[in-house]
Every structure is written in C-alpha cells, then in structure tokens.
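Student: One structure, pasted below without further comment.
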Amino acid sequence: MVDLTGLSALEGLLPYEVDGAVLSAVSYGAITSIMPFRGQKTAVNVRLKADGGAALPRIGRVSGPVAKRLIWAGRGQYLLLDLRRGAAFDTTPDPAFDELAALSDQTSAWVVMRLEGARAQEVLARLCPLDLRAGVFKRGHVARTELAHMAVILWRRPKGFEIMVVRSVAQVAMRRLSGAMDSVAAQAVLGEIS
Amino acid sequence: MRLKCPLCGDRDAREFHYRGAAKLMERPEAGAGEAAFYDYVYLRENPVGANSELWFHELGCRAWLCVSRDVSSHEILSVELADAVKRGQA
C-alpha cells in the first residue's frame with residue numbers, strides 16, 4: 001500500500017502570534033466519541049476505570065490526565081482525547097464497550113487549537129457569547145457553544161483555552177480567531193483597551 | 001433573549017434553533033386515521049400567553065428542549081429536556 005503522508009487541516013498555518021496571544025494547533029493521537037446506552041453509564045465508568053482511565057466527567061466538565069482526557073461533549077456524549085500516537089497505536093474502538101456504549105473514531109473529524117496568553121479571553125469575547133472569565137469558566141470546565149456562528153467545544157487550560165471545531169470549518173475558525181487576535185492587539189496598541 | 005438549557009445553563013438565543021409547537025411530540029399512532037394526522041400536521045393553537053414549543057440547542061449540547069414561552073412578552077416560563085418530558089409521559 002502507498003505510504004500516505006497525513007496532513008492536519010491547519011498544516012503550515014499555525015502557530016500565529018500577536019502581542020498577548022498565541023494560537024497553535026494541538027494534535028491528538030486519537031479522538032473517540034463515547035455515547036453510553038441508556039442505563040449503562042455506570043458500567044461504562046467501571047470499564048474505563050478497569051482500563052486505568054478516569055470515569056466520565058459530569059456535565060460541562062473535563063476528567064482524566066492531560067494525556068488521556070475525557071470531556072463532556074453534549075447531551076449523552078463524551079470525547080476521549082488521547083495524546084498517544086504512532087503506528088503501533090490502534091484507534092479502533094474497543095469491542096469491550098459493544099454492549100455498553102456507542103463508540104466511534106473521530107480522530108480526523110475534529111481539529112483542536114490552543115489559544116493562550118494574557119489576552120486570550122478578550123480574543124474569545126469577540127467571537128463567543130459565553131462568559132469565559134476565569135472566575136466563571138474555571139479549570140476543568142468545558143462548554144459547547146458558538147464561535148463566530150460555528151459550533152465549538154472549548155475548555156480551559158492553565159494558560160488559556162483549547163478550542164475544538166469540526167474539520168470542515170477549521171480554516172474559517174482559525175482565520176476568525178487570528179482576525180480577533182489582530183483586532184485585540186491593535187486596540188491595545190492604540191490604548192483603547194487596558 | 002436567553003434560554004436556560006437544563007444541561008448548559010443560561011445561553012443566548014442565537015445558540016438555539018426554533019422548531020415549532022411542542023405538539024410535534026404527540027404523533028398519533030400509525031392507524032389513527034386521516035383526521036388525527038391532519039390535526040397533528042397542520043392545526044396549531046395560537047395562544048396569547050404561554051405557548052409550548054420545541055427548541056434545539058443546535059450550537060450547544062444538541063438537546064431537544066420543551067420550552068414554555070409567553071408569546072406576548074417573550075418571557076421564558078420553563079425549559080425541560082424533551083427526552084425527559086417524553087419519557088415522563090410514557
């Protein structure tokens with residue numbers, strides 16, 4: 001078989017940096033959607049823990065370590081973000097979950113960007129209707145919301161946010177974010193924002 | 001206008017898609033006859049005051065919601081998960 005080179009949807013476009021904010025791409029080895037069947041959530045948690053992972057997070061929350069993170073991703077849906085990668089790493093959903101939950105490999109369906117820096121929150125305020133101040137949207141919080149008319153999943157990181165969009169709108173989202181970064185940086189230079 | 005999604009909390013109306021009267025949840029049985037389906041598909045109440053509606057949290061958690069809204073004032077009286085309402089009925 002031909003050995004194809006995988007490219008991310010944002011290949012060569014990131015990182016993008018302005019004064020006060022950096023936008024970079026994050027590449028997860030595997031993204032798996034977990035949708036527990038009705039009444040099977042406890043069994044799914046038992047299975048996840050047996051595999052050495054964390055239990056499913058509560059609504060609007062993140063669980064697990066950075067390398068193997070579980071995020072709430074909407075009604076009845078969770079995403080497992082696994083940083084491991086390489087040829088030996090199998091992204092096929094685990095058959096042990098067959099009776100417990102609908103699992104599907106979403107690795108190439110989503111693009112994850114990281115927005116960090118002192119003005120990250122001001123950048124998002126231009127595009128997103130949520131209150132993302134640190135006292136409200138805290139570490140471990142995740143939200144499904146709107147970013148410039150696109151559906152996104154975003155969660156707080158120690159120095160900023162991770163923003164997840166479907167691959168088809170990756171470049172639009174990136175351009176809207178970098179545009180907002182330019183705008184915030186320019187206003188800061190002009191002294192219009194402190 | 002804001003809707004308080006039972007999963008996500010208070011969210012701006014732009015995150016939601018309005019589907020129509022909550023009557024859409026009460027689909028007649030297959031053999032219910034033409035009159036029942038005519039009523040289900042075409043006939044709607046037109047109240048002044050509280051109206052039961054179906055909204056979809058499209059740019060959010062993707063849950064269908066049963067919303068009671070005062071159509072004169074746009075006041076949101078209640079928001080429940082459509083799934084919970086439907087199962088409560090069953």
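The values are calculated or read from the model by the stated rules, or taken from the named source; none is laboratory data. Just so you know, these numbers come straight off a predicted model, no measurement behind them. As a convention, Cβ positions derive from the backbone with ideal geometry for all residues, glycine included, and neighbour counts pool all protein chains shown. Accessible surface areas use protein heavy atoms only, side chains included; no ligands, DNA or RNA. Shrake-Rupley method; radii C 1.70, N 1.55, O 1.52, S 1.80 Å.
Student: Which of the following residues is within 14 Å of chain B (Cβ to nearest Cβ), at negative phi and within 18 Å of the chain's Cα centre (by Cα): A:ARG114, A:ARG69, A:ARG75?
Tutor: It is A:ARG75.
Student: If you go through the range B:63-76, how many residues are at pLDDT below 95 and open to solvent by 60 Å² or more (accessible area, probe 1.4 Å)?
Tutor: Total meeting the criteria: 4.
Student: Among the residues of the range A:145-162, what is the count of those that are within 14 Å of chain B (Cβ to nearest Cβ) and in contact with a helix residue (DSSP H, G or I) (Cβ under 9 Å, 6 or more places away or on another chain)?
Tutor: Qualifying residue count for the region: 9.
Student: Still on this structure: Please go through the range A:127-140 and give me each residue that is surrounded by 16 or more Cβ atoms within 10 Å (Cβ to Cβ) and either under 16 Å from A:VAL112 (Cα atoms) or not hydrophobic (A, V, I, L, M, F, W, C) (or both), ordered by number.
Tutor: Passing the criteria: only A:PRO129.
Student: Strands (runs of 3 or more DSSP E) wholly in chain B with at least 3 residues that are away from chain A (no Cβ under 14 Å) - which ones?
Tutor: By residue number, B:17-21, B:50-56, B:64-70, B:76-81.
Student: Please work out which residue is nearest to A:SER108 (Cα to Cα), limiting yourself to the range A:14-73 and to residues that are part of a strand (DSSP E or B) and among the hydroxyl-bearing types (Ser, Thr, Tyr).
Tutor: It comes out as A:THR32.
Student: Consider B:LEU3 carefully, then state whether it is of a type in the set (A, V, I, L, M), open to solvent by 30 Å² or more (accessible area, probe 1.4 Å) and within 16 Å of the chain's Cα centre (by Cα).
Tutor: no
Student: Looking at the range B:27-48, is at least one residue touching a helix residue (DSSP H, G or I) at 6+ places or on another chain (Cβ under 6 Å) and closer than 28 Å to A:GLU146 by Cα?
Tutor: Scanning the range B:27-48 turns up no residue that is touching a helix residue (DSSP H, G or I) at 6+ places or on another chain (Cβ under 6 Å) and closer than 28 Å to A:GLU146 by Cα.
Student: Any idea which of A:VAL44, A:VAL66 is of a type in the set (Val, Ile, Thr) and out of contact with any strand residue (DSSP E or B) (no Cβ under 6 Å at 6 or more places or on another chain)? Quick ask: steps written out before the conclusion?
Tutor: On the way: A:VAL44 fails: out of contact with any strand residue (DSSP E or B) (no Cβ under 6 Å at 6 or more places or on another chain).
Of A:VAL44, A:VAL66, the one residue that is of a type in the set (Val, Ile, Thr) and out of contact with any strand residue (DSSP E or B) (no Cβ under 6 Å at 6 or more places or on another chain) is A:VAL66.
Student: Oh, and also: When the residues of the range A:164-182 are narrowed to those that are in a strand (DSSP E or B) and out of contact with any helix residue (DSSP H, G or I) (no Cβ under 7 Å at 6 or more places or on another chain), which ends up most open to solvent (accessible area, probe 1.4 Å)?
Tutor: A:VAL166
Student: Considering each of A:ARG38, A:ARG61 in turn, give the residue that is in contact with a Gly (Cβ under 7 Å, 6 or more places away or on another chain), among the charged types (D, E, K, R) and surrounded by fewer than 20 Cβ atoms within 10 Å (Cβ to Cβ).
Tutor: None of the other options fit; the residue is A:ARG61.
Student: Given (1) open to solvent by less than 20 Å² (accessible area, probe 1.4 Å); (2) assigned to a loop (DSSP other than H, G, I, E, B), identify the lone condition not met by A:VAL123.
Tutor: In the conditions (1) open to solvent by less than 20 Å² (accessible area, probe 1.4 Å); (2) assigned to a loop (DSSP other than H, G, I, E, B), A:VAL123 misses (2) alone.
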